[in-house]
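Quick notes on the structure that follows.
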Amino acid sequence: MIRRVGFVLFLLILGVVPLASSYYVTLGSYIGLYSLVALGLVLLTGVAGLTSFGQAAFMGVAAYTTALLTVKLGWSPWLTLFVCLALTAAIAYLLGAITLRMGGHYLPLATIAWGISLYFLFGTIPALGGSTGISDLPSLRMFGLELKNEKLYFYLIWVLCLAVLWVSKNILDSREGRAIRAIKGGVSMVEAFGASGPRLKNIVFIHSALLSCLAGWLYAHMMRFVNPSPFGLNQGIEFLFMIVIGGPFSLWGAIVGAATITLLKTALQGILPKLIGQTGNFEIIVFGILIVLVLQWLRGGIWSLVERLLPPEPVRPVSDASPLSHRPQPARGDLLLKVDSVTKAYGGLLAVKKMSFEINAGEIVGLIGPNGAGKSTMFNLISGVLPVTGGAIHFGTEDITLLNSTRIARQRMSRTFQHVKLIPGMTALENVMIGAYLRTGEGLVSAGLRLNRRVEEQVRAEAAVQLRRVGLEESMFVPAGNLSLGKQRIVEIARALCADPVLLLLDEPAAGLRHKEKQELAALLSDLRREGLSVLIVEHDMEFLMNLVDRIVVMEFGEKLAEGLPREIRSNPAVLEAYLGGV
Amino acid sequence: MDLSTIMILTQDGITNGAIYLLIAVALILVFGVTRVILIPQGEFVSFGALTLAALQQGVAPGTVWLLLILAFLAALMDTFRLLSTQAARRVPAMLAGTLLPPLFIALLVKYCAPLHLSLGWQALLTMLIVAPMGPLLYRVAFRPVADATILVLLISAVAVHFALVGMGLLMFGAEGVRTPPFSSAQLPIWTLSISGQSICVFVASLAFIALLAWFFSKTLYGKALRAVAFNRNGARLVGISPQRAGAVSFTMAAAIGCLSGILIGPITTVYYDSGFLIGLKGFVGAIVGGLASFPVAAAGALLVGVLESFSSFWLSGYKDVIVFAAIIPILLWRSLVSVHYEEEE
């Protein structure tokens with residue numbers, strides 16, 4: 001309710017600003033333009049954990065492109081918008097493709113360098129008018145109306161800004177959006193569910209670049225002249241400062257930050273030179289100190305303070321939409337996974353040495369061994385997180401030896417992680433929904449325009465079914481970070497089940513569970529086996545395994561030590577030797 | 001273009017490249033030890049040149065005030081930190097250690113500035129003013145967020161860069177300076193005459209690199225720094241404080257930046273904001289080395305210098321465009337040759 005009232009109040013303020021003097025209208029238009037850029041940066045920096053200092057340069061690309069095409073070639077501004085967007089997307093794609101495979105800090109460094117080069121280019125190329133730039137751009141025309149009036153332009157900017165806000169919010173609350181929210185700490189989790197990390201990163205970067213492009217195009221036709229100075233690196237840095245101050249983790253933080261920095265800058269530019277007695281952009285001192293302080297004391301920005309005062313967003317119950325349909329399991333007893341003398345070497349060190357074993361459909365196989373035996377490495381080799389050095393792995397009828405984890409996930413192999421990889425700020429339900437990434441195909445456009453509601457409801461219903469099944473119905477709407485470690489492991493299992501797998505890989509699922517919870521987990525896994533699911537399970541708790549699994553594979557020093565029925569393993573002298581140091 | 005032009009351009013390029021090399025070394029050092037991408041490295045360069053210029057005019061440079069302000073801020077923040085961790089009895093020692101050396105330096109500068117000492121002494125005084133800013137900046141802006149992600153550290157670094165550039169304008173004004181050369185000799189070698197200043201740059205760079213090599217291979221501090229760069233947690237377990245290592249690396253970065261500023265002052269006119277571009281060119285070199293390899297970065301930095309001097313001859317207007325656009329093929333090359341592992345943050 002308060003959120004609604006706040007939003008209506010915000011709209012009212014926007015509505016009445018144009019009644020004020022033209023000075024405030026222009027200021028408001030600037031804030032709207034900067035908000036557009038900042039919205040892209042929130043997705044890029046606060047949500048996806050990447051960043052760019054080159055957003056001002058993207059604005060410049062758009063502004064100069066439309067200036068050239070409209071002034072020199074006489075094109076219509078609306079036509080140039082598409083040229084600008086295409087050009088920006090191409091540049092962003094190229095920059096992203098080059099840097100996003102490497103560490104996260106290469107993208108910002110590349111954008112610094114490219115921002116500077118572009119700024120100098122704008123000022124040097126004679127056709128772009130040097131430092132005086134290009135003037136006499138046509139104004140926009142809409143419905144036969146020429147938008148020369150700054151008040152109309154103000155409304156245009158803010159309508160677009162609110163539309164972008166709505167679309168961004170919808171995207172975050174969709175299949176691709178959930179995957180994007182998950183890549184901050186590393187991409188191995190989303191890749192295990194079939195999303196491609198580099199692709200997601202590139203999508204967010206291109207999205208943010210396109211918003212800057214839109215802002216640049218609007219800016220050019222608002223000012224009706226362009227010159228290099230608004231597109232320099234310092235402006236790019238100020239955009240980043242906006243979201244740091246406003247709040248990098250929330251879309252509203254973008255608007256708060258754009259308003260704060262713009263108003264503060266205007267105020268400081270009036271006060272500081274008088275105070276100091278010389279002209280210069282001294283506001284950057286204040287900005288610099290302010291950002292250092294915010295990073296130390298208020299990482300969530302101003303919006304996090306507002307959020308503290310607001311009531312939590314109401315929980316939307318799961319609708320009674322039918323869950324997603326399941327695909328058939330292979331016939332019981334068919335060969336499902338064949339690991340054939342697989343080796344993993346790190347230089348001269350053999351972490352896994354000529355391991356061979358098989359899993360048949362409908363079987364639960366336990367993989368045990370002392371610490372450091374290579375069990376988790378084996379897991380990562382099967383699921384494609386690590387490349388295999390030698391040997392072959394077949395899954396169903398496919399050779400998956402050389403496939404990466406994204407491709408292997410498409411073969412319906414699903415896993416949990418030894419170190420829980422849930423997104424702490426997302427509810428358990430949303431976390432589980434990530435598991436269904438490959439089961440629906442809604443893209444960004446349908447998500448942004450909210451055309452995906454029916455499928456979304458189905459995915460929600462499916463995730464709810466899986467959570468109910470693992471016994472966590474009451475924790476559905478709790479942020480995953482607030483659950484106990486044991487429950488988090490169970491949420492991971494629900495997420496893996498949500499992918500509708502034929503083979504489930506569980507990495508120490510019982511660690512941190514109480515006795516009764518372990519019994520419930522064992523019962524759940526037995527149920528799943530009855531339904532035809534196959535499971536490979538790494539575990540230390542022998543009691544838990546002995547009564548559950550069909551067969552056990554024992555590893556030691558990267559090699560297979562023994563394989564057999566649980567009771568055979570229990571009395572195997574070599575295994576006892578390895579575990580107890582001889583009897 | 002004849003041979004002698006090529007020789008002159010190469011000489012210019014390598015002279016500038018030697019300075020970028022120094023900066024690249026500092027950047028890799030700081031990144032390895034603290035994970036901070038030190039965008040404000042360039043400000044140490046401009047502060048070095050501008051401080052020396054002020055001393056030559058016989059006035060106390062504004063950087064002394066900056067040093068005192070930073071020391072005061074660091075003392076204030078550490079007092080709060082110590083009081084909140086019930087370590088109040090360590091406050092006096094901390095205050096003395098933080099405030100007294102900068103005060104002493106300030107008094108020394110106030111006394112020495114009007115004396116018009118020889119260039120060597122002035123350079124030393126400049127180092128005394130600028131180098132301690134490194135560890136103080138680390139304490140004020142980076143140590144409190146030392147465990148944050150690389151991204152947060154980077155944004156903090158950019159914010160510090162903003163603040164320092166603004167302070168530079170405040171302290172030194174918008175006019176540029178050019179300091180007198182350390183040597184005005186011209187050594188005729190074959191068809192080429194090599195300027196004494198170039199030789200000074202080479203000798204100083206080489207000497208500093210040798211000093212660093214000795215420091216890292218022979219001294220306990222140097223080995224500790226390498227240990228932190230290699231594995232932060234492992235180093236902590238064997239009793240090396242990452243904080244202290246961070247402060248040491250920042251001291252060295254500031255000293256290197258200041259030295260670069262002193263060396264570059266006679267070659268080019270330095271303004272309050274010139275350091276940024278100089279620092280970024282060091283960055284291009286450091287990125288060639290993947291922010292990790294000193295020798296590859298050194299080669300990269302020299303290459304940047306040569307590329308810059310040749311492009312300023314052919315297409316002077318596009319000099320900086322070419323140098324910074326070169327980062328795109330460099331990154332492409334790096335992304336093709338390097339192996340990528342998932343970063344867990």
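The values are calculated or read from the model by the stated rules, or taken from the named source; none is laboratory data. Computed from a prediction, not measured in an experiment: that's the story for all the values here. All Cβ positions, glycine included, derive from the backbone under ideal geometry; neighbour counts span all protein chains shown.
In region A:473-480 there is at least one residue that is more than 25 Å from the chain's Cα centre (by Cα) and not polar (S, T, N, Q). Residues that are surrounded by fewer than 20 Cβ atoms within 10 Å (Cβ to Cβ) and either outside any helix (DSSP H, G or I) or facing chain B (nearest Cβ under 7 Å) (or both) within region A:122-131 comprise A:THR124, A:ILE125, A:GLY130, A:SER131, listed in sequence order. Scanning region A:361-416 for residues that are among the β-branched types (Val, Ile, Thr), free of Cβ contacts under 8 Å to residues at least 60 places away in the same chain and in contact with a helix residue (DSSP H, G or I) (Cβ under 7 Å, 6 or more places away or on another chain) yields A:VAL388, A:ILE393, A:ILE400. When each of B:ALA213, B:ALA204 is tested for being closer than 20 Å to B:LEU21 by Cα, surrounded by fewer than 13 Cβ atoms within 10 Å (Cβ to Cβ) and not polar (S, T, N, Q), the lone residue that passes is B:ALA213. The single residue among A:ILE271, A:ILE245 that is in a helix (DSSP H, G or I), touching a Ser or Thr at 6+ places or on another chain (Cβ under 7 Å) and not small (Gly, Ala, Ser) turns out to be A:ILE245. Looking only at region A:84-117, which residues are away from every other protein chain (no Cβ under 13 Å) and more than 20 Å from the chain's Cα centre (by Cα)? Of everything in region A:84-117, those that are away from every other protein chain (no Cβ under 13 Å) and more than 20 Å from the chain's Cα centre (by Cα) turn out to be A:CYS84, A:LEU85, A:ALA86, A:LEU87, A:THR88, A:ALA90.
Listed here are the residues, each with its yes/no results for (1) within 14 Å of another protein chain (Cβ to nearest Cβ); (2) in contact with a strand residue (DSSP E or B) (Cβ under 7 Å, 6 or more places away or on another chain); (3) surrounded by fewer than 16 Cβ atoms within 10 Å (Cβ to Cβ); (4) not in a strand (DSSP E or B).
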{"residue": "A:ASN281", "(1), (2), (3), (4)": "yes, no, no, yes"}
{"residue": "A:ALA321", "(1), (2), (3), (4)": "no, no, no, yes"}
{"residue": "A:ARG327", "(1), (2), (3), (4)": "no, no, yes, yes"}
{"residue": "A:VAL342", "(1), (2), (3), (4)": "no, yes, no, no"}
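Checked across region A:139-159, the condition of being surrounded by 13 or more Cβ atoms within 10 Å (Cβ to Cβ), in the same structural domain as A:LEU33 (by TED's automatic domain parsing), in contact with a Lys or Arg (Cβ under 7 Å, 6 or more places away or on another chain) and of a type outside the set (A, V, I, L, M, F, W, C) holds for at least one residue.
For the criterion of being of a type outside the set (A, V, I, L, M, F, W, C), more than 25 Å from A:VAL465 (Cα to Cα), crowded, with 21+ Cβ neighbours inside 10 Å and outside the structural domain of A:ALA428 (by TED's automatic domain parsing), A:GLY558 passes.
So that you can scan it fast, the table gives a plain yes or no per residue for (1) assigned by TED's automatic domain parsing to the domain that holds A:GLU559; (2) in a loop (DSSP other than H, G, I, E, B); (3) modelled with pLDDT under 90:
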{"position": "A:ILE393", "(1), (2), (3)": "yes, no, no"}
{"position": "A:THR401", "(1), (2), (3)": "yes, yes, no"}
{"position": "A:ARG407", "(1), (2), (3)": "yes, no, no"}
{"position": "A:PHE417", "(1), (2), (3)": "no, yes, no"}
{"position": "A:ARG450", "(1), (2), (3)": "no, yes, no"}
{"position": "A:GLN458", "(1), (2), (3)": "no, no, no"}
{"position": "A:GLN488", "(1), (2), (3)": "no, no, no"}
{"position": "A:GLU492", "(1), (2), (3)": "no, no, no"}
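Taken together, A:ILE180, A:ILE206 contain a single residue that is closer than 30 Å to A:GLY129 by Cα and among the aliphatic types (A, V, I, L, M), which is A:ILE206. For the condition among the aliphatic types (A, V, I, L, M), surrounded by fewer than 23 Cβ atoms within 10 Å (Cβ to Cβ), within 14 Å of chain B (Cβ to nearest Cβ) and in contact (Cβ under 8 Å) with a residue 12 or more places away in the chain, A:LEU268 qualifies. Taking the listed residues A:LEU580, A:LEU503, A:LEU561, A:LEU565, the one that is free of Cβ contacts under 8 Å to residues at least 12 places away in the same chain and farther than 22 Å from A:GLY486 by Cβ is A:LEU580, with no other qualifying. Kindly indicate whether any position in region A:224-243 is touching a Pro at 6+ places or on another chain (Cβ under 7 Å) and buried (at least 19 other Cβ atoms within 10 Å of the Cβ). Within region A:224-243 (the criterion being touching a Pro at 6+ places or on another chain (Cβ under 7 Å) and buried (at least 19 other Cβ atoms within 10 Å of the Cβ)), the answer is no, since none of the residues qualifies. Considering region B:266-345, the qualifying helices (runs of 4 or more DSSP H), each wholly inside and each with 2 or more residues that are surrounded by fewer than 16 Cβ atoms within 10 Å (Cβ to Cβ) and more than 8 Å from chain A (Cβ to nearest Cβ), run over B:294-314, B:327-337. There is at least one residue in region A:423-434 that is touching a Ser or Thr at 6+ places or on another chain (Cβ under 8 Å), of a type outside the set (S, T, N, Q) and outside any loop (DSSP other than H, G, I, E, B). Just to verify a result, which residue in region A:358-389, among those that are farther than 17 Å from A:ARG415 by Cα and in contact with an Asp or Glu (Cβ under 6 Å, 6 or more places away or on another chain), is nearest to the other protein chains (Cβ to nearest Cβ)? Filtering region A:358-389 for residues that are farther than 17 Å from A:ARG415 by Cα and in contact with an Asp or Glu (Cβ under 6 Å, 6 or more places away or on another chain), the one nearest to the other protein chains (Cβ to nearest Cβ) comes out as A:ALA373. The set of residues from region B:142-160 being more than 7 Å from chain A (Cβ to nearest Cβ) and part of a helix (DSSP H, G or I) comprises B:PHE142, B:ARG143, B:LEU153, B:ALA157. Whether a residue is outside any loop (DSSP other than H, G, I, E, B), farther than 27 Å from A:GLY197 by Cβ and not charged (D, E, K, R) was assessed, and A:LEU350 passes this test.
Being of a type in the set (A, V, I, L, M, F, W, C) and closer than 20 Å to B:LEU212 by Cα: is that true of B:VAL64 here? Taking the combined requirement at face value, the residue does not satisfy it.
Evaluating A:VAL465 against the criteria (1) in a loop (DSSP other than H, G, I, E, B); (2) surrounded by fewer than 24 Cβ atoms within 10 Å (Cβ to Cβ); (3) out of contact with any Gly (no Cβ under 6 Å at 6 or more places or on another chain) leaves one unmet condition, (1).
Considered as a group, the residues in region A:173-206 that are surrounded by fewer than 23 Cβ atoms within 10 Å (Cβ to Cβ) and within 17 Å of A:ILE98 (Cβ to Cβ) include one that is farthest from the other protein chains (Cβ to nearest Cβ), and that residue is A:ILE203.
Among the numbered conditions (1) surrounded by 14 or more Cβ atoms within 10 Å (Cβ to Cβ); (2) closer than 18 Å to B:ILE129 by Cβ; (3) in contact with a helix residue (DSSP H, G or I) (Cβ under 6 Å, 6 or more places away or on another chain); (4) of a type outside the set (A, V, I, L, M, F, W, C), the only one that B:THR79 does not meet is (2).
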